[in-house]
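J.: Below you'll find the structure I mean.
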Amino acid sequence: MIPIIGYADRLSVRPGERIGFKVSSTLEGSYRARLVRVRSGDPNPAIGGVRVDDHGHAFSGPFPARRQEVALGSYVRIPGADALLGHEALTLAATVWPSTPAKGEQGILSLTETDGACLFALQIDAHGRASALVRLATGETLEAAVPRPLKMRSWYRLVACYDAARGELSISESPLGDGFSHGPQAAAAARPPEPIAPAASVTAFVGALGGMPVAGHFNGKIEAPTVARSATDAAVLASSAQQALSPDVLARWDFSLAIASLDIVDTGPLKLHGRAVNLPTRAVTGSGWNGSEHCWRHAPSHFAAIHFHDDDLLDCGWQTDFELEVPADLASGLYAMRLEADGHVDDIPFVVAPPRGARRADLCLVIPTFTYVVYANHARPDFSAAWTARAEAWQAYPHNPAVHRDYGLSTYNMHSDGSGIAYSSWLRPMINWRPGYLTFPSEVGSGLRHLQADTHLLIWLDTMGYAYDVVSDHDVHEEGADLLSRYRTVLTASHPEYHTRETLDAFLSYRNGGGRLVYLGGNGFYWRVALSKDVPGAIEIRRAEGGLRAWAAEPGEYYNAFDGELGGLWRRAGRPPQALVGVGFSAQGGFYGSYYRVRAEAKDARVSWMLDGIADERLGDFGYSGGGAAGFELDRADERLGTPAHAVVVATSQDHTHPTWMLVPEEQLTHITTLPGAPKEELIRADMTFFEAPNDGAVFSVGSITFCGSLPWNGCDNNISRLLKNVVDRFLDPDARFPLPSSDA
């Protein structure tokens with residue numbers, strides 16, 4: 001395990017508010033915690049390495065080390081299940097779609113004592129077969145299993161009955177669907193009549209066997225788990241959740257209800273409602289889905305299943321070690337709580353926003369915390385010994401999610417059953433969200449993305465002497481355009497990829513209300529995500545049709561559970577990035593940067609001021625991100641997709657010759673045709689774009705994810721730095737005017 005690591009209970013905090021820190025350490029004795037402000041997260045010695053300002057005067061102290069465990073795996077917990085016992089016969093039933101039936105014992109529906117001992121379970125056994133287990137009053141265990149193992153990704157109805165008067169345990173399995181599965185099968189075991197072991201306190205589990213800690217996690221979908229007080233006909237017990245209940249049914253949990261929450265509703269007479277743990281995937285197709293409806297809100301009965309995974313994680317649930325009350329005079333910025341013990345260091349980053357309802361500068365940087373969380377603990381497939389060697393040589397952050405999977409993976413990874421990870425959470429350590437973390441052992445430059453790459457912009461802002469506030473995506477989501485409207489100019493960071501409707505609306509309202517917006521990245525405003533007040537700490541992504549996808553959502557599972565809206569690209573929802581910032585994602589390649597070439601249009605008086613003091617035709621043929629300002633992921637202008645007709649493309653990138661370059665899928669129709677109709681080569685470019693917006697607003701976009709990596713080059717004395725300074729100074733100038741061209745006014 002990592003010797004010392006932790007997480008905070010929030011990503012953004014304001015003066016006067018409190019933020020709690022939860023720490024786990026395998027070290028003896030104590031560790032020290034102190035507040036620091038992050039100035040550079042780049043470990044590259046060529047740029048000076050990771051740099052922080054010590055704010056130990058605001059918070060510092062020793063704390064006792066302790067180890068806190070992580071329990072992966074989702075399930076449903078239903079307390080008070082002792083009300084289900086005391087009958088001569090008891091039946092457990094469910095409809096299931098196992099995704100890894102051969103992985104070992106997996107609980108489907110189990111009744112478990114408080115001490116973790118299983119009383120009665122419907123499960124998959126160690127051989128991949130549907131089976132039942134009952135613990136008798138004598139302490140002995142009776143088991144029965146069908147002869148043949150279950151097929152993966154196939155629907156079955158399973159029923160386990162125990163008749164105490166006859167001492168008989170039975171298990172039956174009825175395949176549903178494709179016609180290629182083996183026919184129904186059943187098995188039974190018997191002994192002298194004997195009741196189920198008595199218990200004073202019982203918890204029911206769906207998707208796990210229970211225990212302390214909970215074990216036997218199920219991979220796959222479960223629908224309509226049911227408990228009845230007699231050996232009722234299997235077809236009645238295990239049919240869809242919407243069928244009328246038999247009088248013998250004690251409990252039936254209908255997963256088509258309260259889909260947007262963690263609540264689990266019992267439609268039976270006892271009302272034994274439960275709660276989902278570790279955020280299993282809801283709004284998934286059930287056994288009744290026939291393809292006629294894709295939105296779960298329109299036909300909930302078609303989506304009456306939950307997909308459980310043995311590696312789901314919502315909240316580590318660690319105890320709080322200490323809290324920081326943010327001092328009233330602490331400047332807005334990117335901070336971290338630094339943990340130190342026995343030569344080991346862990347920095348837990350967080351944003352300090354300005355006081356609520358106020359600002360302390362005219363310039364604001366929006367930190368893309370949505371994107372950080374979506375990528376949290378991304379175990380990259382290209383991790384290798386070269387990464388470790390570079391990290392050691394540069395004394396970078398030494399841990400990688402590809403090695404330490406203890407804290408759950410990212411939505412760019414797959415679950416252990418091969419399904420895509422649709423949820424991420426910040427209520428856990430996020431290994432790749434550390435100053436000094438390397439994404440790639442890049443041949444050119446530092447090989448950084450996300451928070452670490454975004455500190456290149458912080459270096460530039462500090463070097464140029466700008467006063468600025470910092471806020472997070474989460475702040476913008478909660479406060480909307482009112483938050484942004486306080487600022488004359490708003491900057492994005494290098495990769496603001498993921499947005500909710502609320503953040504997209506806030507940026508659009510800010511722009512149209514006279515704001516000056518500077519988009520300093522690539523592949524921005526691309527994917528739609530959802531948050532939920534009922535599930536704080538989590539973010540949801542459905543990788544629906546289209547887009548450059550890490551995985552593909554299952555058919556019928558394109559709608560978010562949290563907000564019930566269609567997931568996928570904002571472009572597919574009629575809101576392409578071009579309509580907001582003038583450019584949108586067009587191409588991706590390896591982590592290599594090229595340069596921009598100034599266009600003839602740059603001589604127009606509307607934009608020529610950007611190049612004051614710059615004689616070069618080539619801009620940004622240098623940098624700490626891939627070696628150039630235009631690289632990795634590129635955005636281009638397209639009037640058909642919403643780039644304003646009066647926009648001016650000041651410069652366009654060139655020489656993207658590496659063989660890894662490709663168009664994003666939504667730009668390509670066939671192997672020889674593209675959606676815009678232009679040759680592929682013409683669409684692999686970044687367009688540096690400017691346009692005036694309503695009410696004296698303006699937008700400047702660079703269209704490249706590596707742009708910010710060129711800003712600190714040569715101590716910020718370079719043409720990219722000068723160009724951005726010209727833009728920011730003009731945007732901040734209260735006397736500067738950006739009237740719409742007469743044809744657009």
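The values are calculated or read from the model by the stated rules, or taken from the named source; none is laboratory data. Since we're looking at a predicted model, the values are computed, not measured. We place every Cβ from the backbone using ideal geometry, glycine too, and count neighbours over all the protein chains shown. Accessible surface is based on the protein model in full, side chains and every heavy atom, while ligands, DNA and RNA are left aside. Shrake-Rupley method; radii C 1.70, N 1.55, O 1.52, S 1.80 Å.
J.: Please arrange 610, 662, 152 by accessible surface area, largest first, computed with a 1.4 Å probe and ligands excluded.
T.: Details: 610 0, 662 85, 152 110 Å².
I get 152, 662, 610, largest accessible area first.
J.: If you don't mind, another one. Among 422, 352, 403, which residue has its Cα positioned farthest towards the positive end of the charge dipole of region 348-462, with +1 placed on the Cβ of Lys and Arg, -1 on the Cβ of Asp and Glu, and the dipole taken about the Cα centre?
T.: 352
J.: Search the structure for amide H atoms under 5 Å from the amide H of residue 264, placed 1.01 Å from N in the peptide plane, and list their residues when 5 or more places away or on another chain.
T.: The list, which skips near neighbours in sequence, is 274, 275, 276.
J.: Rank-order 598-605, 203-210 by packing density, defined as the average count of other C-beta atoms within 10 Å over each peptide's residues, highest first. List each step's numbers first, then the result.
T.: Numbers: 598-605: 13.4, 203-210: 26.6.
Put in order of decreasing packing, that is 203-210, 598-605.
J.: Next question. Counting only the heavy atoms of the protein chains, how much of residue 670 is accessible to a 1.4 Å probe, in Å² to the nearest 10?
T.: Solvent-accessible area, nearest 10 Å²: 60 Å².
J.: Counting helices only, and only those DSSP H runs with n ≥ 4, report the 222 nm mean residue ellipticity of the chain as the sum of -39,500 (n - 2.57) divided by its residues, in deg cm²/dmol to the nearest 500. Walk me through the intermediate numbers first.
T.: On the way: 11 runs with 84 residues, N = 745.
Result for the chain: -3000 deg cm²/dmol, rounded to the nearest 500.
J.: Under Stokes-Einstein, with the Kirkwood radius over Cα pairs standing in for Rh, what whole-number D in µm²/s applies to region 219-348 at 37 °C and 0.692 mPa s? Walk me through the intermediate numbers first.
T.: Working: Rh = 18.3 Å.
The estimated diffusion coefficient comes to 180 µm²/s.
J.: Just going by the charge dipole of the chain, with Lys and Arg at +1 and Asp and Glu at -1 on Cβ, which of 124, 700, 535 is farthest out on the positive end?
T.: 700
J.: Ignoring ligands, DNA and RNA, please state the percent of accessible area on region 436-589 from carbon and sulfur, probe 1.4 Å.
T.: Looking at region 436-589 in its full context, I get 46 percent from C and S.
J.: Nearest 20 debye, what's the magnitude of the dipole of the chain about its Cα centre given +1 on Lys and Arg Cβ and -1 on Asp and Glu Cβ? Walk me through the intermediate numbers first.
T.: Numbers: 64 positive and 86 negative charges, 65 e Å.
Once rounded to the nearest 20, the dipole reads 320 debye.
J.: Something else about it: When ligands, DNA and RNA are left out and all protein chains stay put, how many square angstrom of accessible area per residue does region 433-588 have with a 1.4 Å probe? Before the final figure, lay out each step's value.
T.: Values: 3860 Å² over 156 residues.
So region 433-588 comes to 25 Å² accessible per residue, rounded to a whole number.
J.: Additional query: Given a 1.4 angstrom probe, what's the average accessible area per residue across region 148-199, in square angstrom? Show your work: numbers first, answer last.
T.: Details: 2530 Å² over 52 residues.
About 49 Å² of surface per residue is accessible.
J.: Amide H to amide H, which residues 5 or more places from residue 153 or on other chains are under 5 Å from it, using H placed in the peptide plane?
T.: Here 99 satisfy the definition.
J.: Please state, rounded to one decimal and in Å, the Kirkwood hydrodynamic radius that the chain gives when every pair of distinct Cα atoms enters the mean of 1/r. Don't jump to the answer; show the numbers that get you there.
T.: On the way: mean 1/r = 0.0361 Å⁻¹.
Across the chain, the inverse of the average 1/r is 27.7 Å.
J.: Bins of 5 Å, beginning at zero and ending with the bin holding the largest distance: percent of Cα pairs per bin for region 86-221, please.
T.: In order of increasing distance, the bins hold 2, 11, 22, 24, 19, 12, 7, 2, 0 percent.
J.: If I histogram all Cα-Cα distances within region 1-84 using bins 5 Å wide from 0, what percent of pairs lands in each bin?
T.: Histogram of Cα-Cα distances, whole percents per bin: 3, 9, 12, 16, 17, 15, 10, 6, 5, 3, 2, 1, 0, 0.
J.: Would you mind counting up the charge near residue 258? Only other residues with Cβ under 12 Å from its Cβ, with Lys and Arg at +1 and Asp and Glu at -1.
T.: Residues close to residue 258 contribute a combined charge of -2.
J.: Just to make sure I understand: if all protein chains stay in place, what is the order of 733, 125 by accessible area at 1.4 Å, largest first? If you can, show how the numbers build up before the last one.
T.: On the way: 733 55, 125 15 Å².
If we order 733, 125 from most to least accessible, we get 733, 125.
J.: Count charges around residue 503 for me, please; just the other residues with Cβ under 12 Å from its Cβ, Lys/Arg as +1, Asp/Glu as -1. Don't skip to the answer; put the middle values down first.
T.: On the way: positive: 501, 528, 575; negative: 473, 475, 478, 479, 497, 502, 505.
With Lys, Arg at +1 and Asp, Glu at -1, the neighbours total -4.
J.: Moving on. When you count, for each residue, the other Cβ atoms within 10 Å and take the mean per peptide, how do 12-20, 56-64 rank with the highest first?
T.: Values: 12-20: 17.4, 56-64: 13.4.
Taking the mean over residues of other Cβ atoms within 10 Å, the ranking is 12-20, 56-64.
J.: For region 402-556, what is the Kirkwood hydrodynamic radius in Å, using each pair of distinct C-alpha atoms?
T.: Working: mean 1/r = 0.0568 Å⁻¹.
After inverting the mean inverse Cα-Cα distance, the result is 17.6 Å.
J.: Give the percent of DSSP beta bridges with both residues in the chain that are antiparallel, rounded to the nearest 5. Don't jump to the answer; show the numbers that get you there.
T.: Working: 139 of 159 bridges.
Just about 85 percent of them are antiparallel.
J.: Would you mind putting 636-647, 345-356 in packing order, based on average other-beta-carbon counts within 10 Å, highest first? Don't jump to the answer; show the numbers that get you there.
T.: Numbers: 636-647: 18.8, 345-356: 21.6.
Averaged packing, sorted descending, gives the order 345-356, 636-647.
J.: Express the carbon and sulfur contribution to the solvent-accessible surface of region 1-127 as a percent, rounded to the nearest whole number, probe 1.4 angstrom.
T.: Working: 2160 of 4440 Å².
Within region 1-127, the accessible surface is 49 percent carbon and sulfur.
J.: Here's another thing I want to ask about it. Could you compute the net charge surrounding residue 628? Neighbours are other residues with a C-beta less than 14 Å from the C-beta of residue 628; K and R count +1, D and E count -1. Working shown, then result.
T.: On the way: positive: 597, 618, 685; negative: 443, 616, 621, 633, 655.
Summing Lys/Arg as +1 and Asp/Glu as -1 gives -2.
J.: Please identify the DSSP H helices in the chain that span no less than 15 Å along the helix axis (Cα) and have a mean Kyte-Doolittle hydropathy of -1.0 or more. Mind dumping the intermediate values first?
T.: Values: long enough: 450-464 (22 Å, 0.28); 501-512 (16 Å, -0.84); 719-732 (20 Å, 0.21).
Helix filter hits for the chain: 450-464, 501-512, 719-732.
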